[in-house]
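Undergrad: Pasting a structure below so you can have a look.
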Amino acid sequence: MLPGCTSIADFGRLSDQLVTDDIHAWVGEEAAGSAGGLISADNLTGDEQTLRDLAFPLIEPPYDRIRWDAVVYEFGTKRSFQHELWAFDPTAYYRHLQGEMLRSSAARYNQLIDDMRNDIVRVPPFFFVARRVIDLDRRREASMEQIRDLTPAERVNARARIAENSLTVAWVDKSLSQRCASYRFALEHLAVAEPQPVAAEADSVLTELQQKIAANQVVVVASPRFTAVPAAVAVAK
């Protein structure tokens, strides 16, 4: 009876009836809070909402997408989960592949390839929106210089939102680098423990993912440890 209670629809997506406009608003707040920055009280724009929606699956471990209780994590209502997102263990993904749900070498390789291909599809849309958001933030900063009657609160909230957006992009950038390291660790250890001809295909897919990331690479100015005051992130054109 339990499979019928899942919150996950096709392709690892959350069921439509559970999705709201601000479901991932917490992503930007978590990025800013972890950097010691302020959280803006301004409403999110449509692009800012989309940025956070597209960021979440690139931050969350790929194997958490099929949890029966994924809705709890999508809405960010479990604080321990948010903190766990910042921890990086390059061996964790390989351990997942060795779990009981994947009972054959073929299944493990196929899961690795599927997860990497899913990321390949997700990367360009995220960075497309990221470029647009950061461009609009540059315009926002320029407008703030011209508008003299803004209240202190308006200025603080605007600058906090700019930092939230920048740090969200930086978080994804960092996460993608870590994911590739995890995929590489898993592939190399599978190739030794359970050699299969399909390992060559997996290596090719990983190379494609790395190239896709590089083609959309962001230049992160903020501290890579996310412990400094929020700084800007420039997106390469």
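No value in this document is a laboratory result; all are computed from the given coordinates. What you are looking at is a predicted structure, and each value in this text was computed from that prediction instead of being measured. Cβ placement follows ideal geometry from the backbone for every residue including glycine, while neighbour counts extend to all protein chains displayed.
Undergrad: Sorted from fewest to most neighbouring beta carbons within 10 Å, what does the list R52, R122, R103 look like? Let's see the in-between values first.
TA: Numbers: R52 27, R122 17, R103 9.
So the ranking, lowest neighbour count to highest, is R103, R122, R52.
Undergrad: Ratio of alpha-carbon Rg to the 2.2 N^0.38 Å globular estimate for region 151-215, to two decimals, please. The partial results should precede the final answer.
TA: Details: Rg = 19.2 Å, N = 65, 2.2 N^0.38 = 10.7 Å.
Here the Cα radius of gyration is 1.78 times the empirical estimate.
Undergrad: Which residues among region 151-188 fall inside the zone where the amide N is under 18 Å from a point 7 Å beyond the Cα of A200, along Cα→Cβ?
TA: So the set is 187-188.
Undergrad: So the label point goes 7 Å from the Cα of T91 along Cα→C-beta, right? Which residues of region 174-215 then have their backbone N under 12 Å from it?
TA: Zone members listed by number: none at all.
Undergrad: Hey, another quick one. Tell me which of A170, A193, I147 sits at the most positive position along the dipole axis of region 118-203, charges placed on C-beta atoms (Lys, Arg +1; Asp, Glu -1).
TA: The residue sitting farthest along the positive end of the dipole is I147.
Undergrad: Give me a comma-separated list of calculated 3J(HN,Hα) values for region 24-32, in order, Karplus coefficients 6.51, -1.76, 1.60 applied at θ = phi - 60°, integers in Hz, x for any Gly or Pro.
TA: 10, 4, 5, 4, x, 5, 5, 4, 5
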